[in-house]
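Accompanying notes for the structure given below.
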Amino acid sequence: MKSNRYQGLSLELRRALLIISSLFLAGALLGYVFLGLLAGVSIYALVLFVETRRFYLWLDGKTKDLPNHNHVLIDVAEAIHLMRSQHKKTKLRLKSQLRRVEQSTSALHDGVLVLRHFDRLAWWNEAAGKLLSLNPKTDSGQAITNFVR
């Protein structure tokens, strides 16, 4: 069974053909075939530029209005919106898990350190802070080699 999702390209092609062929026929009826064709292509290109600009504004977060006429951009915007919402949910879930791990390790009597890239201090429990005399305001982000030799 064929999905209705992401049919924007075929819909956009139909819209382009409708605009261009309508003005082509109008130009042919008036005896200006080339001007009718040129007007159709120009109007479609102008509409495309305006809608693409609106898409970029939405993408940058400067407007909440999704592009509502260009079917391809609508498909892309919906896919990005879905990815953003999934990312937000995942981020919240991971933050919650991190808080639980931090709470669990802070209760340990053993010192626990969490390091970032390049062996930089990201987090430590109270026992590690006392053992290494760590100050959260000044030592977070410092290299572990500054404290352990």
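The values are calculated or read from the model by the stated rules, or taken from the named source; none is laboratory data. Small disclaimer: the values here were computed from a predicted structure and weren't measured. Cβ coordinates were reconstructed from backbone atoms using ideal geometry, including for glycine residues, and neighbour counts include every protein chain displayed.
So, in region 51-68, exactly how many residues are modelled with pLDDT of 85 or more and farther than 15 Å from E12 by Cα? So that I can check it myself, show each step before the final result.
Residues of region 51-68 modelled with pLDDT of 85 or more: 51-63.
Filter once more, keeping what is farther than 15 Å from E12 by Cα: 53-63.
Looking only at that region, the number is 11.
What residue, of L82, L57, is out of contact with any strand residue (DSSP E or B) (no Cβ under 7 Å at 6 or more places or on another chain), more than 29 Å from L25 (Cβ to Cβ) and surrounded by 13 or more Cβ atoms within 10 Å (Cβ to Cβ)?
L57
Farther than 30 Å from T52 by Cα, at pLDDT 90 or above and of a type in the set (D, E, K, R): is that true of R84 in this structure?
So R84 does not fit the description; no.
When the residues of region 131-149 are filtered to those that are charged (D, E, K, R) and either free of Cβ contacts under 8 Å to residues at least 12 places away in the same chain or in a loop (DSSP other than H, G, I, E, B) (or both), which remaining residue is farthest from V101 (Cα to Cα)?
So the residue we want is R149.
Filter region 79-121 for residues that are among the aliphatic types (A, V, I, L, M) and assigned to a helix (DSSP H, G or I); which is farthest from D139 (Cα to Cα)?
Going through the qualifying residues, I end up with A79.
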